[in-house]
Amino acid sequence: MANTNNFKELEVKWMKFWEEHPELYHAKDASDKEKKYVLVEFPYPSGSGLHVGHAFSFTGGDVYARFKRMNNFEVMFPMGWDAFGLPTENYAIKAKRKPQDVTKENTDKFRSQMKRLGFSFDWEREVNTTDPNYYKWTQWIFIKLFEKGLAYKEEMPINWCPSCKIGLANEEVVNGHCERCGAEVSRRNISQWIVKITEYADKLIEGLKETDFIEKVKMQQINWIGKSEGARVRFQIKNPLSADADISLQKGDDFLEVFTTRPDTLWGVSFMVISPEHEFINKLVSGSDYQISEEQRQRVREYVGQAKLKSDLERAELQKDKTGVDTGIRMINPVNGKEIPLYVADYVLMGYGTGVVMGVPAHDQRDWDFAKKYNLDIIPVIKTETEHDYDKEAMSAVDEGEMINSGEISGLRVEEAIEKVKSWLEEKEIGQRTSMYHLRDWIFSRQHYWGEPIPMIFCKSCAENQFVSSSDVSSQLEKYAKEKNINIKVLKNNPGWYPEEENVLPIVLPEVEAYEPSDDGRSPLANMKEWVKTKCPVCGAEAERETDTMPNWAGSDWYYLAYVFANKINKVGADSAKATSSQSDIVGDIFSASRESLKRWMPVDVYVGGDEHNTLHLLYSRFIYKFLYDLGVLPTEHPEPYYKRLSHGVILGPDNQRMSKSKGNVIVPEMVSEKYGVDVVRSYMMFMGPFDATMAWNENTLMGVKRFLDRFALYVENQIEMAKKGGYMLDEKLENVVNKAIKGVTEDIESFRYNTAIAKMMACLNNLSASKQFIGLPNVKKLVKLLAPFAVYGAEEWWSLLRNEGDEVSVHVAQWPKYDEKYLVEESLSIPVAINGKVREQLVVATELVGENQKIIEMAKELGKISSWIEGKRIIKEIYIPGKMVNLVVQ
RNA sequence: GCCGAUGUGGCGGAACUGGUAGACGCGCACGACUCAAAAUCGUGUUCUGUAACCCAGAGUGUGGGUUCGAUUCCCACCUUCGGCACCA
């Protein structure tokens, strides 16, 4: 019998059975059933195997998938491997092995551990990002990004991790340190591929409305994108030395542009500040084009020099103490013609806005700090009902009130003023409405081996010839652009760069001798001279392949789509050497070839993942989905990849600390399963607390769950014995217990409240076993089904003992039990009776009397304790909430 | 500092739209079984007062408010956690 002591035997038995019946968990493309796409984040297959976090979140997804499957949905619950990445590469270097082989080993290990834990993954849809037939399409997507002008090459300072020897995206730098290894990040100039995710900033905000993510996740996404609406405003530079001086600013020769979210405060501007990195500063200190004294020029030069020495981190740390220098330049405020000084100060960032800000000390704390220090005017332009002391601090972030000291807009309310000034700026062509984003473009190049090669070719000859405007090359380029349907601008913006021909994809990672990245920042692939050498698709000259690879995110940006047509991704394992580039059955791209399947399965209904991926992975993958959608290869109507996002919690070690090898508090699911059985571990993890909570592992609580499962097993056994003896009286009360459990468990699983679902089954079993009566085998079967999503092995065993002719071969595809309303109604119920809101006694009434309000109140008053409570007192109010309670207000 | 959460017994946590606070589990106490222990089973378990109760009072971070009635709604504050941080 299936108690938790012979669990090993059962696990072996049923694992084998499921292995022989893959159709149980296979998601059919063609089926009359409604679809349900349940996705859990695919893991990075590390060498140490599945950890508790994996087991926990996968179980959460698995319970839901099984539940939906039993509720007659065609469920897709796939699994794959996000297998590119540094740990494998580092391990391979150390162990002198091929990353491909290491990956194969790790994924095999993960797969078998997952099978043991009883996850109902559809293994026919397994994908692996390092499979050349998978990354063929990752590369294809990149080519499309390039063709649409969303990927460009740029020489730019990047965040460089000296320890990992890799460029990092802004998103991967945490407080100036490498997210992965913690080393301090420095700056380095490297030519990088950049993806223009900023182009989708608005769509990524808008799209959130179409999802059912929890508020927290939506806020994280919105904050990360950081949209501010405002206006650009041009301020004239007063009195340049000569009108035709060789000064080129952003849009002309004699003005500087600022970005402001509050154009209404323009009358309060008493100075301007420019960032030390601004191009104008270079011109100012090096030339003699502006009428400022040599002394001032020298002071600016010194200040800029000092600012350069500070790291971003230092600059941020010194935020309270604002420093700056008057440049000597005077600006003209366009709204009132007032002359104001231009300062240079490092609290103004070059990377946001225009690198120049207007100082409104009365209404911005930073400007106020600066104005106080340099004794600049503080001009209030907004008046609110409360008095404000401008000597103490700024009155910042005021979004209501009345404009004052502001010429023709004085008297307007703030919102009106903002609108009016914006229109006025546009009318007079001094500025225009615009938005700024905190989100930066996405640095897509990595200088490592174990990643997808970026499928681009660089032709030096083309790059050079384009600029000497050889008409011959130019026409060839135009011809190529036309043929490939690429906007010629894209090619001109990236001189010499062309995508690989689609029909040669995938560009397979060659096997190299050494995987170590070089200190000069080039990827190990650069050493593969033969591989690097190729022909220019435009001029035919000798050209070079890109040697950078893609970031980790690339493969996970579209994997939820890959599952849908996994059968078309010709799996050849992780061994690139055996890869074939021909997939004759696919004409054009695999997305278009899979329209029907995509239509059927997308979007993902429930996406289970960790908080750590709520910003980056979610944002990147939503971006790629939207891009593919706009490209027209996704046939879905929903412009978002995931409908619901579920953020799973974290399991801490028994000491209430995050698990780590150094603390020695790591719980390994495989070991615990070995000791107590998979069913116990799964059920315990789901019982610990809410699915999204942070909880400490506690073996005592686990023992409680084990006891429950043992008692359940014993109960089933006893019931079967009783059935053999035959003849039983149906007890309505027990029917009520069973049906209440069905209702409760069903509702709880539906809303991912697994902990209370299990609690309800415990309560149910406690009630049933207390009675020691036979409840009938059909009822026993119902209970087994309720437990099936959690205790997958035990349930299968009990089912095999209980099933009749014609029943499903596996409990996991059996019909989920339905409760019967008639058993939910109890004969009588007990209504609490309160005096002044405090419950004093229970009134037991027959259910059919519940609606008779007056009668109930009278009965309540007659109860012994109640009558003594109200004796001699005046009843002011009598309240009866039908079926819920009686409250008598007395004085 | 800003944004978002969070706070309930000795502990993990229940209480879904305001209606019996503490489900379920752990722990603890007592009892049964046992030579004994473990395991298992049974009973009790928010706190205070009482030998004890069908007794009384207090009680969901703090202070106020709305209500017949508040863990739940409103206001102010505090704690802890997560994210962002000179973003103009």
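The values are calculated or read from the model by the stated rules, or taken from the named source; none is laboratory data. None of these values were measured; they are calculated from a predicted model. We place every Cβ from the backbone using ideal geometry, glycine too, and count neighbours over all the protein chains shown. Protein only, heavy atoms only, side chains kept; ligands, DNA and RNA dropped before computing areas. Shrake-Rupley method; radii C 1.70, N 1.55, O 1.52, S 1.80 Å.
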Sequence-distant residues sharing a close amide H with A:GLY80 (under 5 Å, placed H):
A:VAL127
Suppose the Debye formula is applied to equal point scatterers at every Cα of the range A:492-568; what is log10 I(q)/I(0) at q = 0.24, 0.25 Å⁻¹?
-1.23, -1.26
Taking only Cα atoms, what is the 0 to 90° angle, nearest 10, from helix A:678-687's long axis to the longest principal axis of chain A?
70 degrees
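Taking the Cβ of A:GLU294 as the center, what net charge do the other residues with Cβ under 13 Å away carry, scoring Lys and Arg +1 and Asp and Glu -1? Write down the numbers at each step before the final one.
Numbers: positive: A:ARG297, A:ARG299, A:ARG301; negative: A:GLU295, A:GLU302.
Within the 13 Å Cβ shell, the charges total +1.
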Under Karplus coefficients 6.51, -1.76 and 1.60, residue-wise ³J(HN,Hα) of the range A:539-553 in Hz, glycine/proline x
9, x, 5, 5, 9, 10, 7, 5, 9, 6, 10, 8, x, 3, 5
Calculate the length of the line joining the C-alpha centroid of the range A:795-810 to that of the range A:829-863, in whole Å.
47 Å
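Take every Cα pair under 8 Å in chain A that's 6+ residues apart, average their separations, divide by the length, and report that relative contact order as a whole percent. Intermediate values should be presented prior to the final figure.
Details: 1552 pairs, mean separation 136.1, N = 891.
Across chain A, relative contact order equals 15 percent.
In the range A:122-241, what percent of the accessible surface is made up of carbon and sulfur (1.4 Å probe, ligands and nucleic acids excluded)? Please list the in-between numbers first.
Working: 2160 of 4870 Å².
Using a 1.4 Å probe with all protein chains present, the range A:122-241 comes out at 44 percent carbon and sulfur.
Could you compute the net charge surrounding A:GLU415? Neighbours are other residues with a C-beta less than 10 Å from the C-beta of A:GLU415; K and R count +1, D and E count -1. Present the calculation step by step, with values, prior to reporting the outcome.
On the way: positive: A:ARG413, A:LYS420; negative: A:ASP264, A:ASP399, A:GLU400, A:GLU416, A:GLU419.
Around A:GLU415, the surrounding residues sum to -3.
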What does the highest-first list of A:544-553, A:84-93 look like by mean Cβ count within 10 Å?
A:544-553, A:84-93
Carbon-plus-sulfur fraction of the accessible area of the range A:447-565, 1.4 Å probe, in percent?
47 percent
Say the dipole of the range A:316-392 comes from +1 at the beta carbon of Lys and Arg and -1 at that of Asp and Glu; which of A:GLY351, A:HIS388, A:ALA371 then lies farthest toward its positive end?
A:GLY351
If the viscosity is 1.567 mPa s and the temperature 4 °C, what Stokes-Einstein diffusion coefficient in µm²/s follows for the range A:757-801 when Rh is the Kirkwood radius over Cα pairs?
117 µm²/s
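Hey, could you grab the Kirkwood Rh for chain A? Inverse mean 1/r over distinct alpha carbon pairs, Å, one decimal.
Hydrodynamic radius (Kirkwood, Cα only) of chain A equals 32.7 Å.
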Kindly report the accessible area of the range A:737-788 per residue (heavy atoms of protein chains, probe 1.4 Å, no ligands, DNA or RNA), in Å².
35 Å²
Percent of Cα-Cα pairs more than 16 Å apart in the range A:68-177, please.
75 percent
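What's the ranking of A:882-891, A:748-757 by average number of surrounding C-beta atoms within 10 Å, highest first?
On the way: A:882-891: 15.5, A:748-757: 19.1.
Answer by packing, highest mean first, reads A:748-757, A:882-891.
Exceeding 22 Å between C-alpha atoms, which entries from my cross-link table qualify? They are A:LYS338/A:LYS392; A:LYS218/A:LYS644; A:LYS109/A:LYS644. List each step's numbers first, then the result.
On the way: A:LYS338/A:LYS392 26 Å; A:LYS218/A:LYS644 11 Å; A:LYS109/A:LYS644 30 Å.
In this structure, A:LYS338/A:LYS392; A:LYS109/A:LYS644 exceed 22 Å between Cα atoms.
For the range A:603-732, what is the accessible area per residue in Å², given a 1.4 Å probe and the full set of protein chains?
Details: 5540 Å² over 130 residues.
I get 43 Å² per residue for this part.
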Expressed as a rounded percentage, what relative contact order does the range A:448-565 have, with Cα pairs under 8 Å and six or more residues apart?
41 percent
For A:PHE271, the residues 5 or more places away or on another chain with a placed amide H closer than 5 Å to its own amide H are A:GLY359
From the alpha carbon gyration tensor of the range A:429-566, can you work out the equivalent ellipsoid semi-axes (sqrt of 5 times each eigenvalue) and give them in Å, largest to smallest?
27, 25, 17
Considering the convex hull of the alpha carbon atoms of the range A:683-795, report its projected area averaged over all viewing directions, in nm², one decimal.
7.0 nm²
Carbon and sulfur together cover what percent of the accessible area of the range A:675-810 at a 1.4 Å probe radius?
53 percent
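Which order do peptides A:839-846, A:598-605 fall in by mean Cβ count within 10 Å, highest first?
Values: A:839-846: 14.9, A:598-605: 20.9.
Ranking the peptides A:839-846, A:598-605 by packing returns A:598-605, A:839-846.
What's the Cα-based Rg to Rh of the range A:396-443, Rh via Kirkwood? All intermediate terms of the calculation are to be shown ahead of the outcome.
On the way: Rg = 14.4 Å, Rh = 12.7 Å.
Using Cα coordinates only, the ratio equals 1.13.
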For the range A:187-199, in residue order, the Karplus 3J(HN,Hα) values (coefficients 6.51, -1.76, 1.60; θ = phi - 60°; whole Hz; Gly and Pro = x) are 9, 7, 8, 9, 7, 10, 7, 10, 10, 7, 5, 4, 4
Apply the Karplus curve 6.51 cos²θ - 1.76 cosθ + 1.60, θ = phi - 60°, to the phi angles in the range A:612-619 and return the couplings in whole Hz, x for Gly and Pro.
5, 10, 6, 9, 5, 4, 4, 5
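In square angstrom, what is the accessible area per residue of the range A:1-143 with a 1.4 angstrom probe?
Details: 4800 Å² over 143 residues.
Result: 34 Å² of accessible area for each residue.
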Quick check: pseudo-label points 7 Å beyond the Cα along Cα→Cβ at A:SER830 and A:LEU801, how many nm apart are they?
3.5 nm
If I fit a long axis through the Cα atoms of helix A:52-70 and take the longest principal axis of the Cα atoms of chain A, what angle between them do I get, 0 to 90°, rounded to 10?
60 degrees
Could you tell me the distance between the Cα centroids of the range A:519-566 and the range A:52-102, to the nearest Å?
25 Å
Taking Cα atoms, the helix A:215-225 axis meets the longest principal axis of chain A at an angle in degrees (rounded to 10) of 10 degrees
